[in-house]
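The values are calculated or read from the model by the stated rules, or taken from the named source; none is laboratory data. Just so it is clear, the model here is predicted, and its values are computed rather than measured. Cβ atoms come from the backbone with ideal geometry, glycine included; neighbour counts cover every protein chain shown. These area figures cover heavy atoms from the full protein model, side chains too; ligands, DNA and RNA do not enter into them. Shrake-Rupley method; radii C 1.70, N 1.55, O 1.52, S 1.80 Å.
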Amino acid sequence: MATIKACLFDLDGVIVDTAKFHYQAWKTLATGLNIDFTEHDNERLKGVSRMRSLEIILEIGGVTLPEAEQVTLATRKNEVYLEDVHRMTEADVLPGVRRFLKECRAAGLKTALGSASKNARLILERVQLLPLFDAIVDGTDVANAKPDPEVFLKGAKALGVAPEECVVFEDAVAGLEAARNGGMHCIGVGDASILSDADFVIPGFEEMTVARLQELR
């Protein structure tokens with residue numbers, strides 16, 4: 001078994017289901033640009049930055065816009081998204097997550113969040129999970145989006161552990177690639193057929209335990 005000292009978590013789709021809020025906000029923006037944006041298209045946006053997400057949508061629609069207008073649109077999208085975020089409660093934490101975080105800390109494992117979201121701290125405050133994390137690295141702290149490993153490497157550094165002593169929980173292919181690029185173990189959360197590069201995949205945290213970390217290869 002690998003010697004694991006820390007667990008690093010993505011946010012959207014792993015800790016909370018804010019992915020639906022992102023999709024609804026991007027869908028509204030795309031419709032306003034006469035771009036047909038589907039849930040299938042939305043898979044390409046997982047784990048990437050806000051501006052890159054907008055670029056992908058514009059590419060899908062074959063639309064070119066000045067940089068200043070792109071910034072305005074991305075800001076507007078975030079405002080729509082934040083309206084939903086401010087309505088979040090403890091009930092929005094995905095099943096099993098809070099229990100597993102507490103189990104990690106009881107076992108002496110350090111915990112960190114590694115997310116492209118610039119609203120990560122706000123979300124953790126809204127769902128009352130902030131005290132269960134030793135470090136938070138989000139979109140305000142990094143220059144490079146996943147699959148670049150920067151967000152996870154900074155998380156490991158903040159925790160004072162080596163990359164090979166970390167396991168990353170991710171629901172996106174780009175996030176798994178980031179973990180691998182950083183020399184970390186990774187557990188997929190979601191569809192095993194999509195997240196095949198993970199050490200192993202769990203459908204959610206209902207059955208995840210610290211003991212299962214022994215399955216890491």
>> Can you give me the angle between helix 50-61 and the longest principal axis of the chain, using Cα atoms only, in degrees from 0 to 90, rounded to the nearest 10?
In response: 50
> What does the helix-only formula give at 222 nm for the chain: each DSSP H stretch with n ≥ 4 adding -39500 (n - 2.57), the total divided by the residues, and the result rounded to the nearest 500 deg cm²/dmol?
Replying inline: -11500 deg cm²/dmol
> How big is the equivalent ellipsoid of region 126-176 along its three axes, where each semi-axis is √(5λ) from the Cα gyration tensor, reported in whole Å from largest to smallest?
Replying inline: 17, 15, 12
>> Once each part is reduced to its C-alpha centroid, what is the distance from region 40-110 to region 150-193 in angstrom?
In response: 18
> Tell me, what % of the accessible area of the chain is carbon and sulfur with a 1.4 angstrom probe?
Replying inline: 50
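Send over a whole-number figure in Å² for the accessible area per residue of region 67-107, probe 1.4 Å.
On the way: 2340 Å² over 41 residues.
Ligands and nucleic acids excluded, the result is 57 Å² per residue.
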>> Can you order the peptides 117-129, 71-83, 32-44, 145-157 by their average number of other Cβ atoms within 10 Å per residue, highest first?
In response: 145-157, 117-129, 71-83, 32-44
>> What does the C-alpha gyration tensor say about the overall shape of region 54-147? Classify as rounded when a/c is under 1.5, otherwise prolate if a/b is larger than b/c, or oblate.
In response: prolate
> When N is the residue count of region 100-150, what does its C-alpha Rg come to as a fraction of 2.2 N^0.38 Å?
Replying inline: 1.22
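With the contact rule set at Cα under 8 Å and sequence spacing of 6 or more, what percent relative contact order holds for the chain?
27
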>> About the Cα centre, and with charges only on the beta carbon of Lys, Arg (+1) and Asp, Glu (-1), how big is the dipole of region 67-136? Nearest 20 debye, please.
In response: 360
> For region 143-212, what is the Kirkwood hydrodynamic radius in Å, using each pair of distinct C-alpha atoms?
Replying inline: 12.2
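What number comes out for accessible area per residue over region 133-217 if the probe is 1.4 Å? Units Å², please.
42
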> Between rounded, prolate and oblate, where does region 36-81 land on the alpha carbon gyration tensor, with a ≥ b ≥ c its root eigenvalues, rounded for a/c under 1.5, else prolate if a/b exceeds b/c?
Replying inline: oblate
> On alpha-carbon atoms, Rg over Rh for region 62-217 using Kirkwood Rh?
Replying inline: 0.99
>> Quick check for me: using +1 on Lys/Arg Cβ and -1 on Asp/Glu Cβ, what's the dipole size of region 1-114 about its Cα centre, in debye to the nearest 20?
In response: 680
>> Need one number: the % of Cα-Cα pairs in region 1-81 sitting beyond the 22 Å mark.
In response: 28
